[in-house]
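K.L.:
Quick one: structure below, then a few questions.
The values are calculated or read from the model by the stated rules, or taken from the named source; none is laboratory data. What you are looking at is a predicted structure, and each value in this text was computed from that prediction instead of being measured. For neighbour counting, all protein chains shown are included, and Cβ atoms are generated from backbone atoms with ideal geometry for every residue, glycine included.
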Amino acid sequence: MPFPHWVKVVNVKSISGRHLAVIQKDRTLGQSLAALKVMMHGLDLCDPYVALPLKRVNIDEEQIILEQMRNYNFNTEMSIG
């Protein structure tokens, strides 16, 4: 398949509420976008960096987000093969 990442992106549209809670709960919109970048990085879709004026989440928060992804089997549910 020439664009395997596109399959992952399409699958991300079917994220459940518990997955959204990982990136949205107790976060501002800017913080949620930074958390989404961490999740996308966990799926090997992009780097975790964000452009100004947004701030990247700190390393401790990144670890929490990635741990929550593992707890919810996010990588398994989003796998392409």
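K.L.:
From the list Gly17, Gly30, exactly one residue is surrounded by fewer than 14 Cβ atoms within 10 Å (Cβ to Cβ) and modelled with pLDDT of 85 or more. Which is it?
P.N.:
Gly30
K.L.:
Of the residues in the range 38-49, how many are surrounded by 17 or more Cβ atoms within 10 Å (Cβ to Cβ) and either in a loop (DSSP other than H, G, I, E, B) or of a type in the set (Val, Ile, Thr) (or both)?
P.N.:
3
K.L.:
Cβ-Cβ distance below 7 Å, separation of 6 or more or different chains: which pairs start in the range 56-68 with a residue that is over 18 Å from Thr28 (Cβ atoms) and end on one that is among the basic types (Lys, Arg)?
P.N.:
Listed pairs, sorted by first residue: none to list.
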